[in-house]
Amino acid sequence: MKNYFYYDEKECKFIPVRYNTTDRLIYTASLWILCGVVLTGLSMIFLSNVAGTPSEIALRAENKELAKQLRYTHSTITHLDTQLQLLAENDNELYRTVLGVDPIPYEERQLGVGGSDPLEGFDAFQPHTSELLRWTISNVESLERRVGIQKVSFEEIKEYYNENQQKLRNLPITRPVDGVILSGFGMRMHPALRYRRHHDGVDFRARIGTPIYATGDGVVKFSGRRGTYGLLLEIDHGFGYETRFAHLSRFEDGIRPGTRVRRGQIVGYTGDTGITTGPHLHYEIRKHGRAVNPENYMFADLTPEEYREFRRISEATTISSSE
């Protein structure tokens with residue numbers, strides 16, 4: 001322990017300072033308390049400036065979690081937007097077009113809005129957070145409007161169905177065979193003639209003798225041989241629609257011109273008659289005498305995923321199997 005002295009002018013010498021035990025304890029304790037208070041204050045100032053107060057730390061943790069949830073919401077909204085877009089495309093290109101209902105224009109489905117910015121209050125936030133909040137709220141509102149339009153569209157289709165049930169029973173809207181598409185509709189290289197020509201239908205892979213089903217109610221218009229088609233069956237569905245089934249091996253018993261058939265009824269069997277590269281079914285749909293893409297009509301017994309896979313396969317094929 002250090003000794004402390006004071007100078008006595010009368011005696012002209014240094015005299016040691018003597019403390020009793022109580023004073024020494026009080027002095028030491030006071031010194032430590034003072035140092036503790038100073039260090040605590042300095043620590044609190046440092047933490048406040050660097051880490052923040054406890055409430056600020058808790059608020060930052062809460063904001064971090066909210067930002068995480070907002071990013072998840074962003075991903076979910078993007079997925080829903082994609083699904084709704086596919087639904088709108090199917091609605092326009094399949095259901096409404098095939099049923100003869102006018103498609104809903106893209107601009108009408110979007111229902112753009114203008115005027116003042118209702119989200120200007122977000123300008124006070126950090127740029128990234130502000131942008132994310134704006135995007136989320138704007139897209140949620142857009143999804144709500146588009147879902148509302150889609151609901152109205154389905155109600156319109158339902159009403160049309162109730163008023164046109166006979167037409168819908170006759171429309172060729174199912175697959176003629178249980179098989180995969182070999183070649184799609186459009187310009188294709190003919191395998192036998194070796195030049196590009198328009199393929200008026202789609203070709204299904206099918207072994208000889210595979211049952212063929214009527215794709216809509218109708219009346220048999222023709223059943224017999226016709227040039228490169230081989231054995232050909234034509235069904236008149238009324239309302240301007242006809243279907244053709246080519247390269248058959250034989251017709252079902254009782255199938256002849258004038259026979260009335262129902263959707264799903266077996267009308268013949270696949271083969272390889274006519275000009276072909278092998279057994280398959282060539283299937284056509286004609287509307288008012290003009291060939292249309294059968295893929296746009298085969299939605300009644302296909303899921304959206306199966307339908308898109310059919311389209312992908314047919315678009316990837318550049319060679320037809322026959323006509």
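Every read-out reported here was derived from the displayed coordinates using simple, explicitly stated rules and does not represent laboratory data. Treat the numbers as computed from the prediction; the structure is a model and nothing was measured. Neighbour counts run over all protein chains shown; Cβ positions are idealised from the backbone, glycine included.
Among 227-237, 258-268, how do they line up by average Cβ neighbours within 10 Å per residue, starting with the highest?
227-237, 258-268
Estimate the FRET efficiency between Glu144 and Thr40 by the formula 1/(1 + (r/R0)^6), using the beta-carbon distance for r and 56 Å for R0, to the nearest 0.05.
Computed FRET efficiency for Glu144 and Thr40 comes out at 0.55.
Suppose R0 equals 41 Å; then what is the FRET efficiency for Gln69 and Glu89 from their Cβ-Cβ distance, rounded to the nearest 0.05?
0.85
In nm, give the distance between the simple-model label positions of Lys10 and Val152, each being 7 Å from the Cα along the Cα-to-Cβ direction.
11.1
How would you rank 240-246, 82-88, 212-218, 273-279, highest first, on the average number of other Cβ atoms within 10 Å across their residues?
Per-residue mean Cβ counts within 10 Å order the peptides as 212-218, 240-246, 273-279, 82-88.
How much net charge surrounds Val267 when only other residues with a Cβ under 14 Å from its Cβ are counted (Lys, Arg +1; Asp, Glu -1)?
+2
Once both labels are modelled 7 Å past Cα along the beta-carbon direction, what's the Ser30-His198 spacing in nm?
Each label point is offset 7 Å from its Cα along the Cβ direction, giving 11.0 nm.
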